Each structure stands twice: as structure tokens, then as C-alpha cells.
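Notes for the one structure printed next.
Read-outs throughout are calculated quantities, based only on the coordinates presented, and are distinct from any laboratory measurement. The structure presented is a predicted model; accordingly, all values stated were derived computationally and were not measured. Note that we place each Cβ from the backbone using ideal geometry, even for glycine, and neighbour counts take in every protein chain shown.
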Amino acid sequence: MTQRPSLQVAVVMRRERVPGDMSRWQPWRWVLHDVTGHDVLPHAEHFGTAPRCLRQTEDEQIWLHPGFTVELFRDDAEGYYLNAASLAPCWFVLWRMEEEPSIGDEVMAVPTMVSLSYHDAGRWLDAQENVDQVPAPADVVAWMVEFMDAHWVVESKRRKRPDSFKALQDRFGNPASVSTEKIRGGGPGGAPNTGGRDGP
């Protein structure tokens, strides 16, 4: 069986103090800080296998979550094209508020999936998940584009590129945004959901 092209990455989440009047209702918020480590091997020896706090101040905490696998799928070449054709090709990260691990009595933002596919991000947003994005490095974008060019079928290549590449939107047509107020259940996971994909 041919192995799918893949990268191991770590996700960095940031807990930051909310400034101004908003802090009366929400003193802290979580945001995606970075996706890193695609060029560091062996991954587990460098990043470990469990989440850990990298930095803590009065105004922020930086948490590292290692062990995510980003795979490329032949049937999602268009999703990679839509990412590559944007002004800033990026990593897409799905994350949830989880009770474990936690910060004292507070729940923590835990990443669960990482992808380079615009279609994956759209499906996650349709499911009303928290989805955020950070720019992908040039070598990762080149790796994605090389795979896309090799597996994009002729019919797809003939499609006209949209007149203007639009930002991610939810199913109601609203701009995608990150919500830190909604607490969701479910356990953390490190590997993307591959259900319903074509074989390698």
C-alpha cells in the first residue's frame, strides 16, 4: 500500500487577556498562535507527546500541542488549490474547549485537527466548529502544490478560477470567526478524520 504524503506538526495555542470593557464578561480568550515543527525530526523527541505550557505571564499563556499528522489526499486536490490560490496560503486548525487538560478550574482550548484543505475548513465551519488559520511556510505550500499538480484531474483543471477569492464563510454566509464562549465536549485527538476519503 502506498503511503500518503504527510507531515508531523505541533499546534501552539495562546490564552490572552481580553482588554477593555469586554473583559468584564470574558477576561480571557484563546487564539491559534502557530503551527510549527513540519521540518523537525524526530518529532516526538523534539516536541514530546503531551501538551505543555511554553510561557506564562500575567497577560498570556502559550501552550504547545504536539503530534498532529497532516496528510494529503488525491480526492481533495481542489481543496489544496483553493488554499494555494488565496493571498495567504495557510494551515487550518479545528480546536475545541475541553475539560482535560485544564488550567485549574478552567477549560482549555485543545486543537483536534490540522489540514491544508480549504474544503476541510469549510466542512468544519458548516458543523459550527472553532476554526482558525495561520500562514503556512513557503516550503509547505510548495509541497502541497506539487501534490496538487500531480493529482488534479483534467476536468478540474479546466474550471475557471473564481473572479475574486473569498474568505471562509459559514453556511449562513457570515465571515468565519472564532468563538471562545461556547464550551464543547469530546476528547482531544491528533490525527485528521479520514472517513470517506479515497484510498492512497
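Some notes on this structure:
- Label-to-label distance, nm, for residues given as E60 and R123 (7 Å Cα→Cβ offset): 3.3 nm
- Karplus 3J(HN,Hα) series, Hz, for region 65-76 with 6.51 cos²θ - 1.76 cosθ + 1.60 (x for Gly, Pro): 10, x, x, 9, 9, 9, 10, 10, 10, 4, 7, 10
- Anisotropy class of region 50-92 from Cα gyration tensor, a/c 1.5 cut: oblate
- Diffusion coefficient, µm² s⁻¹, Stokes-Einstein with Kirkwood Rh over alpha-carbon pairs of region 6-157 at 20 °C and 1.002 mPa s: 129 µm²/s
- Residue order for W95, W28, W124, fewest other beta carbons within 10 angstrom first, comes to W28, W124, W95.
- Contact order normalised by residue count of region 6-157, Cα under 8 Å, 6+ apart, percent: 24 percent
- Note on D39 and V18: the model spin-label points, each 7 Å out from Cα along the C-beta direction, lie 3.8 nm apart.
- FRET efficiency estimate (nearest 0.05) - Cβ-Cβ, A138 to E106, R0 41 angstrom: 0.65
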